[in-house]
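Report on the following structure.
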Amino acid sequence: MALRGKGAKALSARGKIEVREVAPWDEPGLTRAERVIAFCEDLPITAGKLAGSQMELREWQREFIRDVYAVDDAGNRPVRTAVLSMGRKNGKTQLAAALALCHLLGPEAEPRGEVYSCALTRDQAAKLYAEMAAILQFHPELDDRCNVVRFTKQIEVLSGDGMGSIYTALSADAGSKLGLSPSFVVYDELGSAPNRALFDAMDTASGARDNPLMMVISTQAADDHAVMSELVDYGIRCQDGDIVDPSFHLTLYAAPQDADPWEPDTWLLANPAIGDFRSLEDVQRQAGQARLVPSKEAAFRNLILNQRVSSVSRFIHKAEWNANGGKPDLARLEGRQCFAGLDLGATRDLTAFVMVFPDEQGG
């Protein structure tokens, strides 16, 4: 087949492709989640010493897939928004690429679907596209069904499941995202997004689809006001039973705020792949530096321990601030000497009004 547009690849460049009669994910008797797992594990590893061998999902990855792709009595997937949050370098790009391909041309594909990956910058968006393109390059059977357009970072499905579907890599620093109708969206590192514009545009665009899915795979944001923090907090309330929402799922790997950040057991809580494909030695090195260099501690806590910790140095540690909170007894303060201070936020900053009552002993 001829090239289709600038940067497109020729279809079937390898010659005749052997096509299996039944793909592993089409075997009878599989649940919906099992089909997704079978598809992912049929895909190749694209880099390193295991390049070319098949992907083998870990149990924590399978558990996430089982939770997200579980079905109700009618056979429908209730989950519409799924969040997976953990420390950096735990294989999120490979998992995101596999699931995006699953919705593009695998068992979760639909005719003329629209699959999008979202990221903060063009370079970051290109990484997930590059992983998907590399997977296809190592998988001739799937590659033969696609047209990969490198110039626009798009993948078109020309035959089979998902025929007419298209994948596009999007970034928050690009233009308008209006007019899209996504069937599947994976947002990479939403915790780093400076605003919620791209997330909201994609989250509200899927109303015409019967069973859309928005997936976020990211470390936590640094502060409570970020959209990633809103999603995590909402998911925790669902887990605690405060909110009943079967359309939302959260899997969170994070170290508690009061945990010892220098203990290896703490690292494991936020890094499910540690000692496997997440280097233990690298975490040890970063922990050692953060312990000796105070300016690195916040980044270590946020990016490695997946704690909601701002990289800005604090005058009072968040845990100490929260521990000293409480509702004051206003009756005891009546008639007392008071000093007040007001700090007005100019743009996105908070406005704070603080009143200090010296204790009655003069301390």
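The values are calculated or read from the model by the stated rules, or taken from the named source; none is laboratory data. Since the structure is predicted, the reported quantities are computational estimates derived from the model, not experimental observations. Cβ: placed from backbone, ideal geometry, glycine included. Neighbour counts: every protein chain shown.
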* To do: From the list N76, N90, pick out the single residue that is in contact (Cβ under 8 Å) with a residue 40 or more places away in the chain and out of contact with any strand residue (DSSP E or B) (no Cβ under 9 Å at 6 or more places or on another chain).
  => N76
* Which pairs have Cβ atoms under 9 Å, sit 6 or more apart or on different chains, and link a residue in the stretch 330-351 that is hydroxyl-bearing (S, T, Y) and assigned to a loop (DSSP other than H, G, I, E, B) to one that is loosely packed, with under 10 Cβ neighbours inside 10 Å and modelled with pLDDT under 80? -> T351/G345
* **Selection within the stretch 209-241 - outside any loop (DSSP other than H, G, I, E, B) and among the basic types (K, R)** => R237
* Asked: Within the set of pairs 6+ apart or on separate chains, which have a first residue in the stretch 106-125 that is touching a residue at least 40 places away in the same chain (Cβ under 8 Å) and over 17 Å from D200 (Cα atoms), a second that is of a type in the set (F, W, Y) and outside any loop (DSSP other than H, G, I, E, B), and C-beta atoms under 6 Å apart?
  -> G106/F39; P107/W25; P107/F39
* Asked: Given the conditions (1) surrounded by fewer than 21 Cβ atoms within 10 Å (Cβ to Cβ); (2) touching a residue at least 60 places away in the same chain (Cβ under 8 Å), and given that L178 satisfies all but one, which numbered condition is not satisfied?
  -> (2)
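Here's the yes/no breakdown for (1) at pLDDT 95 or above; (2) surrounded by 10 or more Cβ atoms within 10 Å (Cβ to Cβ); (3) among the hydrophobic types (A, V, I, L, M, F, W, C):
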site: R4; (1), (2), (3): no, yes, no
site: K9; (1), (2), (3): no, yes, no
site: T31; (1), (2), (3): yes, yes, no
site: E41; (1), (2), (3): yes, yes, no
site: K49; (1), (2), (3): no, no, no
site: L57; (1), (2), (3): yes, yes, yes
site: R62; (1), (2), (3): yes, yes, no
* To do: Name the one entry in S229, S247 that is surrounded by 14 or more Cβ atoms within 10 Å (Cβ to Cβ) and either farther than 26 Å from S310 by Cβ or among the small types (G, A, S) (or both).
  => S229
* Structure fact -> Scanning the stretch 75-130 for residues that are of a type in the set (S, T, N, Q) and buried (at least 24 other Cβ atoms within 10 Å of the Cβ), the one modelled with the highest pLDDT turns out to be S85
* To do: Output the number of the condition that L158 fails; it satisfies all remaining conditions of (1) crowded, with 17+ Cβ neighbours inside 10 Å; (2) at pLDDT 95 or above.
  => (1)
* To do: Specify the residue that is nearest to D161 (Cα to Cα); the eligible residues are those in the stretch 131-146 that are buried (at least 17 other Cβ atoms within 10 Å of the Cβ) and charged (D, E, K, R).
  => R145
* **Where a residue in the stretch 288-307 is aromatic (F, W, Y) and its partner, wherever it lies, is part of a helix (DSSP H, G or I), with Cβ under 7 Å and at least six apart** => F300/Q286; F300/A287; F300/A290
* Identify, by number, the condition in (1) in contact with a Leu (Cβ under 6 Å, 6 or more places away or on another chain); (2) small (G, A, S); (3) crowded, with 20+ Cβ neighbours inside 10 Å that S192 doesn't meet. => (3)
* Entirely in the stretch 83-191, the helices (runs of 4 or more DSSP H) that have 2 or more residues that are of a type in the set (G, A, S), in contact with a helix residue (DSSP H, G or I) (Cβ under 6 Å, 6 or more places away or on another chain) and under 25 Å from N211 (Cα atoms) -> 92-105
